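As structure tokens, the structure follows; a few thoughts come after it.
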Amino acid sequence: MHVWSESEQRAIRDEVDRILKSDAFAQSQRRRTFLSYIVGETLAGRGERLKGYTVAIEVFDRETSFDPAADPVVRIEAGRLRDKLRAYYASEGAHDAIRIDLPKGSYAPVIEFREAVSLEPLLANDALPDAGTDATRLPPPTASIGTRPSIAVLPFVNMSAKRADDYLSDAITENIITALSRFRDLAVAASHSVFSYKSKGRRIPEIARELGVRFVLEGSVQKSKERVTITAQLIDGGAGAHLWAERFDRSYGDLLAVLDEVTEHIVGRLGSPYSGRVGKAWRGQADSGPPKRLRAYDHFLAGLDIFDDWVRGCMPKAREHFFRAIELDPAFGKAYAKIAFSHTLDALLGWSDDAAHSLSEAQKYATLAITHDDDEAWGHWAIGYYSLFVGQHDRAIAGYRRALELNPNDPDIMNDFGLCLSLSGRPNDAVAAVHKAMQLNPHYPDWWLAAVGQVYFDARLYKEAITALERAQTVEMTVNYLYLAACYAAVDDITRAEAATARARALDPNVSLSAIALGFLGLYKEAADREHLRVNLIKAGLLE
């Protein structure tokens with residue numbers, strides 16, 4: 001057990017005071033009390049005895065009958081405290097001489113003196129650096145909330161009979177704010193700002209105007225003995241119109257798992273640039289003469305719409321908008337990433353007159369996406385996508401994993417990761433990934449189903465593959481019909497298999513086994529998977 005000197009204890013208590021005055025802590029008395037208590041106990045030499053039961057009674061006013069297994073309030077609040085400490089030291093406390101962390105699995109804080117300085121002279125003159133002074137505070141983020149889709153997640157309302165259950169509604173609010181913030185083309189109002197509206201009963205348009213956001217998410221949590229019901233609704237802050245709503249009714253079980261699951265569902269439905277509710281509502285909403293970054297985002301969305309036509313010639317047209325977006329906002333990582341995707345697909349689908357040049361351009365712009373914005377998940381996704389289609393499976397998986405580390409709730413990346421895993425010889429993991437993507441966004445676009453169908457085929461789930469690929473026929477691509485033909489051949493429905501092959505040949509009269517051997521047939525890492533597809537395409541009537 002560490003024994004702190006008197007001067008060290010004074011310095012630590014001063015650090016706690018600075019943290020409690022920060023934006024992340026000023027709005028939550030519960031969080032302030034929690035931190036003060038565990039630090040105080042640690043300084044008193046009782047840190048090793050900090051347990052969930054003691055914290056619940058001393059900090060959260062639970063009865064002596066409290067059962068940590070049945071009531072996860074301490075675990076939830078500890079996770080929130082841990083995140084807020086990290087946020088503090090990433091901004092206001094970046095230059096503090098002392099750092100306080102709360103490691104997972106413990107309620108005893110870890111206190112670190114980060115500067116090798118003599119504390120006695122500093123304390124004698126009350127001269128410890130103040131993280132709030134101009135000399136030490138990091139500059140605030142510069143992104144304007146009006147240059148991209150913006151949203152405020154209002155504190156979810158606790159509809160339960162017990163006020164003690166406020167921690168549930170607060171926890172899911174914090175979870176959604178944190179997860180939405182990973183979508184870097186969304187501007188998300190800070191939690192300390194939105195929590196100031198808790199229990200205020202203000203009108204949505206008024207709140208949206210004060211926070212400078214276009215959209216507002218509000219909701220409620222109701223806990224009964226065995227179930228928890230969570231509702232959420234997205235509102236246009238300008239018009240007050242309801243854009244989307246959903247209700248989640250779950251058995252109580254592991255409450256932390258329930259909160260994580262519902263958060264993933266809500267974020268997946270809202271955040272995706274392709275089919276997320278915020279992105280859809282944003283399209284076409286720009287006023288005349290908007291700022292450059294707003295016009296850049298509008299060009300980006302216009303490019304996405306053309307990109308998703310999935311026909312020969314659509315990629316150059318989409319690139320025109322992506323290049324215009326970059327001209328207006330040279331640091332727009334997602335625009336670089338989509339240029340990379342478009343070149344990769346031109347090469348893969350035979351739409352390019354010079355496939356080698358297209359792949360070279362794909363690598364160039366995927367690299368530029370990361371160079372301009374290393375924290376944007378889509379740049380790493382683009383690197384993974386390019387690497388997959390040049391046969392670098394391990395590098396591809398690494399790219400996708402990095403993208404999902406940056407944003408685990410992006411359903412488009414998750415779905416594509418499924419295809420990557422499938423082509424890399426991991427069919428079971430691939431199926432799990434596409435199922436996860438569909439859970440995140442059940443309103444997925446039709447082009448998803450092409451990848452889902454391929455994943456099911458590789459996993460020998462032919463019935464499911466046929467269902468997906470038949471539904472994907474709004475996306476007219478040769479490769480879709482070839483996989484559909486292979487699926488029907490695998491279940492010995494040769495009539496339908498030959499019909500699907502004929503539809504593929506109608507799109508591309510030159511399609512043959514030798515032609516696709518240089519394309520998607522050659523993308524498989526495992527020879528057995530290549531042979532599985534080749535044999536069934538021969539059964540379906542595809543000629544050499």
- Item | Matching residues, region 72-96, being surrounded by fewer than 20 Cβ atoms within 10 Å (Cβ to Cβ) and in contact with a Gly (Cβ under 6 Å, 6 or more places away or on another chain) | none
- Message: Being assigned by TED's automatic domain parsing to the domain that holds Phe520, in contact with an Asp or Glu (Cβ under 9 Å, 6 or more places away or on another chain) and small (Gly, Ala, Ser) is true for just one of Ala430, Ala377. Which residue is that?
- Response: Ala430
- Of (1) surrounded by fewer than 16 Cβ atoms within 10 Å (Cβ to Cβ); (2) more than 29 Å from Arg163 (Cβ to Cβ); (3) modelled with pLDDT under 80, Ala69 satisfies all except one. Which? (2)
- Query: Counting only residues that are modelled with pLDDT under 90 and touching a Phe, Trp or Tyr at 6+ places or on another chain (Cβ under 7 Å), how many does region 524-544 have?
  - Reply: 0
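Just to be sure, is Ile12 modelled with pLDDT under 80, outside the structural domain of Lys198 (by TED's automatic domain parsing) and of a type in the set (Val, Ile, Thr)? Explain how you work it out, then say what you get.
On the way: modelled with pLDDT under 80: no; outside the structural domain of Lys198 (by TED's automatic domain parsing): yes; of a type in the set (Val, Ile, Thr): yes.
Taking the combined requirement at face value, the residue does not satisfy it.
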- Item | Lone qualifier among Leu537, Leu513 - being closer than 25 Å to Thr344 by Cα and touching a residue at least 40 places away in the same chain (Cβ under 8 Å) | Leu537
- Message: Any residue at all in region 12-22 that's free of Cβ contacts under 8 Å to residues at least 24 places away in the same chain, more than 27 Å from the chain's Cα centre (by Cα), more than 22 Å from Ile176 (Cβ to Cβ) and part of a helix (DSSP H, G or I)?
- Response: yes
- Return a yes/no flag: does region 173-185 have any residue that is touching a Phe, Trp or Tyr at 6+ places or on another chain (Cβ under 8 Å) and over 30 Å from Ala337 (Cβ atoms). yes
- Evaluate the following for Val455: is it crowded, with 16+ Cβ neighbours inside 10 Å, at pLDDT below 95 and β-branched (Val, Ile, Thr)? no
- What pairs come up if the first residue lies in region 521-532 and is farther than 16 Å from Ala486 by Cα, the second is part of a loop (DSSP other than H, G, I, E, B), and their beta carbons are under 6 Å apart, counting only those six or more places apart or on different chains? Lys525/Ser424; Lys525/Gly425; Glu526/Gly425
- Residues that are of a type in the set (S, T, N, Q) and either under 15 Å from Ala108 (Cα atoms) or in contact with a strand residue (DSSP E or B) (Cβ under 9 Å, 6 or more places away or on another chain) (or both), drawn from region 28-64: Thr33, Ser36, Thr42, Thr54
- Query: Quick one: which of Ser196, Ser160, Ser220 is in contact (Cβ under 8 Å) with a residue 60 or more places away in the chain, of a type in the set (S, T, N, Q), loosely packed, with under 15 Cβ neighbours inside 10 Å and not assigned by TED's automatic domain parsing to the domain that holds Arg31?
  - Reply: Ser196
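Considering Arg46, Arg99, Arg62, which residue is of a type outside the set (Phe, Trp, Tyr), more than 19 Å from Asp166 (Cα to Cα), over 31 Å from the mean Cα position of the chain (by Cα) and surrounded by 14 or more Cβ atoms within 10 Å (Cβ to Cβ)?
Numbers: Arg99 fails: over 31 Å from the mean Cα position of the chain (by Cα); Arg62 fails: more than 19 Å from Asp166 (Cα to Cα).
The unique qualifying residue is Arg46.
Which one of these is in contact with a Lys or Arg (Cβ under 7 Å, 6 or more places away or on another chain), without any contact (Cβ under 8 Å) to a residue 40 or more places away in the chain and not polar (S, T, N, Q): Tyr481, Tyr488, Tyr456, Tyr462?
On the way: Tyr488 fails: without any contact (Cβ under 8 Å) to a residue 40 or more places away in the chain; Tyr456 fails: in contact with a Lys or Arg (Cβ under 7 Å, 6 or more places away or on another chain); Tyr462 fails: in contact with a Lys or Arg (Cβ under 7 Å, 6 or more places away or on another chain).
On inspection, the qualifying residue turns out to be Tyr481.
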- Message: I'm told Trp447 meets every condition in (1) of a type in the set (A, V, I, L, M, F, W, C); (2) assigned by TED's automatic domain parsing to the domain that holds Gly350; (3) under 25 Å from the mean Cα position of the chain (by Cα) except one. Can you identify the failing condition by its number?
- Response: (2)
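Of all residues in region 236-249, count the ones that are at pLDDT 80 or above and either within 21 Å of the chain's Cα centre (by Cα) or surrounded by fewer than 17 Cβ atoms within 10 Å (Cβ to Cβ) (or both). Before the answer, list the steps.
Within region 236-249, the first condition is being at pLDDT 80 or above, and the residues that meet it are 236-237, 246-249.
Add one more test, that the residue is either within 21 Å of the chain's Cα centre (by Cα) or surrounded by fewer than 17 Cβ atoms within 10 Å (Cβ to Cβ) (or both), and what stays is 246-249.
Looking only at that region, the number is 4.
Answer with yes or no whether Ile38 is farther than 28 Å from Ser193 by Cβ, surrounded by 16 or more Cβ atoms within 10 Å (Cβ to Cβ) and at pLDDT 80 or above. Walk me through it before giving the result.
Numbers: farther than 28 Å from Ser193 by Cβ: no; surrounded by 16 or more Cβ atoms within 10 Å (Cβ to Cβ): yes; at pLDDT 80 or above: yes.
Here the answer is no, as Ile38 does not meet what is asked.
Conditions tested, residue by residue: (1) part of a helix (DSSP H, G or I); (2) closer than 15 Å to Glu15 by Cα; (3) basic (Lys, Arg); (4) in contact with an Asp or Glu (Cβ under 6 Å, 6 or more places away or on another chain).
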position: Glu48; (1), (2), (3), (4): yes, no, no, no
position: Thr54; (1), (2), (3), (4): yes, no, no, no
position: Ala70; (1), (2), (3), (4): no, no, no, no
position: Glu77; (1), (2), (3), (4): yes, no, no, no
position: Leu81; (1), (2), (3), (4): yes, no, no, no
position: Arg86; (1), (2), (3), (4): yes, yes, yes, no
position: Glu92; (1), (2), (3), (4): no, yes, no, no
position: Lys104; (1), (2), (3), (4): no, no, yes, no
position: Ala108; (1), (2), (3), (4): no, no, no, no
- Query: Taking into account only those residues within region 385-412 that are surrounded by fewer than 24 Cβ atoms within 10 Å (Cβ to Cβ) and hydrophobic (A, V, I, L, M, F, W, C), which is nearest to Arg182 (Cα to Cα)?
  - Reply: Leu406
- With respect to Ser106, is the statement that it is small (Gly, Ala, Ser), modelled with pLDDT of 70 or more and assigned by TED's automatic domain parsing to the domain that holds Gly219 true? no
- Task: Report yes if some residue within region 363-373 is under 26 Å from Thr178 (Cβ atoms), within 18 Å of the chain's Cα centre (by Cα), assigned by TED's automatic domain parsing to the domain that holds Arg312 and at pLDDT 90 or above; otherwise report no.
- Result: yes
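The values are calculated or read from the model by the stated rules, or taken from the named source; none is laboratory data. Everything numeric here is computed off the predicted structure, so don't read it as measured data. Cβ sites come from the backbone with ideal geometry, for glycine too, and all protein chains shown count toward neighbours.
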